[in-house]
Amino acid sequence: MSLSKVVSRDEWLVARREFLQQEKEFTRARDALNAKRRELPRVLLDKDYVFDTPDGKASLLDLFDGRRQLIVYHFMVPPETGTFCVSCSFWIDNVGHLAHLHARDTSLVVDCPVPLPRIQEFKERMGWTVPWVSSYGSDFYPDLHFKIDERDPQPPGISAFVREGDSVFHTYSTHDRGSDLLNGTYNYLDLTPLGRQEEGLGFPQAWVRYHDEYETS
C-alpha cells in the first residue's frame, strides 16, 4: 500500500480541517441511525431457554443479572473445524471493562453452543473475564443467530435484549460488518495511514490469530 503525499504542516492542517467536516457529518449521521435503531420494534421471547453457567442452570432472564438490558455475543464453533472461532476471539479480546456497561444498567455475556467444560477450558487459556454461558442443547443459538437477509453469511453475531419485569424482549441483532464498531483494534487501525492492511488477503481476517499464537516481532 502506497503512503499519501508529503506536505507542509500548514497544508496538512488545511486538509485535516476539511476532513474534520466529513467526520462531523458522519458522527451526526451515526447519531441519527442509533436513534432509529432504538425505535425498532421488539419481540417478546416466551420460549424457556436454559443455559449452563459456572453457577448452574440459568434462564435468559437470569443472564440480565438484575439489570434492565442484556447484550449477548453469539460465539461460533464452526462445525467443519470444531474449534473456537478465531474471529470471534478477536472480538472478545476487544471487550472493555464491564463496569462501564453495568453503570448503564446493562449486562453482557458470551454464549456458545458447545458444552460448558470446553468453554471454561478455552476461556481460561485466553485469560478472559467476561461471563460465558453455554446454550448447548437449547434452541437459543439457532433462534437468535439468524440470517437477516439472503446475502448475510451468518457470521458471528450480537443481539440486544431488554426486560420489563420478568418479560424479556429481543430488540436488535447484527452480524458481519455490523459489529465493526465494537472492535477497538479495527477502530485504532482505521486511524493509521496503513489502515487494516487486509487488501489482497483471501478474506479480510485471514491475518487474525488467537492472541497467544502471533509470532513475536
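The values are calculated or read from the model by the stated rules, or taken from the named source; none is laboratory data. All of these numbers come straight from a predicted model, not from anything done at the bench. Please note: Cβ atoms are built from the backbone with ideal geometry, for glycine as well, and neighbour counts cover all protein chains shown. Only protein heavy atoms, including side chains, enter the accessible area calculation; ligands, DNA and RNA are left aside. Shrake-Rupley method; radii C 1.70, N 1.55, O 1.52, S 1.80 Å.
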Considering residues that are among the hydrophobic types (A, V, I, L, M, F, W, C), open to solvent by less than 70 Å² (accessible area, probe 1.4 Å) and outside any helix (DSSP H, G or I), the number found within the stretch 183-200 is 1
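Hey, any hits in the stretch 71-89 for a residue that's farther than 30 Å from residue 206 by Cβ and either modelled with pLDDT under 95 or buried (at least 18 other Cβ atoms within 10 Å of the Cβ) (or both)?
To start, the set of residues in the stretch 71-89 that are farther than 30 Å from residue 206 by Cβ comprises none.
No, the stretch 71-89 contains no residue that is farther than 30 Å from residue 206 by Cβ and either modelled with pLDDT under 95 or buried (at least 18 other Cβ atoms within 10 Å of the Cβ) (or both).
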Candidates 51, 19, 26, filtered to the one that is open to solvent by less than 60 Å² (accessible area, probe 1.4 Å) and either more than 28 Å from residue 164 (Cα to Cα) or not hydroxyl-bearing (Ser, Thr, Tyr) (or both): 51
Residue list for the stretch 113-129, restricted to those being surrounded by 15 or more Cβ atoms within 10 Å (Cβ to Cβ), at pLDDT 95 or above and not in a helix (DSSP H, G or I): 128
Which residue pairs have Cβ atoms under 6 Å apart, sit 6 or more places apart or on different chains, and have a first residue in the stretch 171-187 that is under 20 Å from residue 106 (Cα atoms) and a second that is β-branched (Val, Ile, Thr)? 171/162; 174/158; 179/158
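Could you tell me which residue of the stretch 159-182 is farthest from residue 94 (Cα to Cα), considering only residues that are under 17 Å from the mean Cα position of the chain (by Cα) and open to solvent by 30 Å² or more (accessible area, probe 1.4 Å)? Reasoning before the result, please.
Let us first name the residues in the stretch 159-182 that are under 17 Å from the mean Cα position of the chain (by Cα), namely 159-161, 170-182.
Narrowing the set further to residues that are open to solvent by 30 Å² or more (accessible area, probe 1.4 Å) leaves 171-172, 176-178, 181-182.
Working: 171: 23, 172: 21, 176: 16, 177: 15, 178: 15, 181: 11, 182: 8 Å.
Filtering the stretch 159-182 for residues that are under 17 Å from the mean Cα position of the chain (by Cα) and open to solvent by 30 Å² or more (accessible area, probe 1.4 Å), the one farthest from residue 94 (Cα to Cα) comes out as 171.
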